[in-house]
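Rule-based calculations on the coordinates, nothing more; no lab input. Given the structure is predicted, the values throughout are model-derived calculations rather than measurements. Here Cβ is always computed from backbone atoms with ideal geometry, including for glycine, and neighbour counts include all displayed protein chains.
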Amino acid sequence: MQDSYSPLPLTPMSRQEVYAWSSTLSSIVFALVYLLFVFGIPSLFEPIRENFIQAVVILVIVDVVFQTIISIQSSQGGRVDRDERDVRIAAIGFKIGYYVFMVAVLILIGHLFVYGFINSLADPVYVGRMDAMIVHYLVAVFFVGTTAKSVAQVVLYRKDA
């Protein structure tokens, strides 16, 4: 008699769950590349600093190719693309992502008020740097919100599986 026990049973993923996984991974990769490029180790990214736009375009092309492959493979199974469960999970994911995004924006706004309050005590060189960093913080807040949405969707799909 053959033992067919598998410690991690593999359940077939729906097309929307695969998109949630790929969205999570691409959000994390984009965020890491951006944050390491902006805040990270300068010597590591100095060779590609001139070609930053090309690096982002390559990441986008890889993501589009990956999404296309997923779409082609999932459409060959003849499964239903979306049902009520997928709509509910997407709605909850967007709701959680929106809440995380809004909390992060409110924290950033609070930081700006505190920063404005103590601005007169700061060194003028630091003040100029901080104004430029606000854009990078907003991009980081966007990545946090989209990653929270995707992770929430993945967790909900795995919980229902």
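The 3J(HN,Hα) values that the Karplus relation (6.51, -1.76, 1.60; θ = phi - 60°) gives for the stretch 140-146 are, in residue order, 5, 4, 4, 5, 5, x, 5 Hz. Gly and Pro appear as x.
Extending 7 Å from Cα along the Cβ direction at V56 and again at V135 yields two label points whose distance is 1.0 nm. Scoring 99-111, 20-32 by mean Cβ neighbours within 10 Å over their residues and listing the highest first yields 20-32, 99-111.
Residues with beta-carbon under 13 Å from that of I69, excluding I69: net charge, scoring Lys, Arg +1 and Asp, Glu -1?
Numbers: positive: R15; negative: D63.
Taking every Cβ under 13 Å from that of I69, the sum is 0.
Taking label positions 7 Å along the Cα-Cβ direction at both R85 and L112, the computed distance is 4.3 nm, reported to one decimal.
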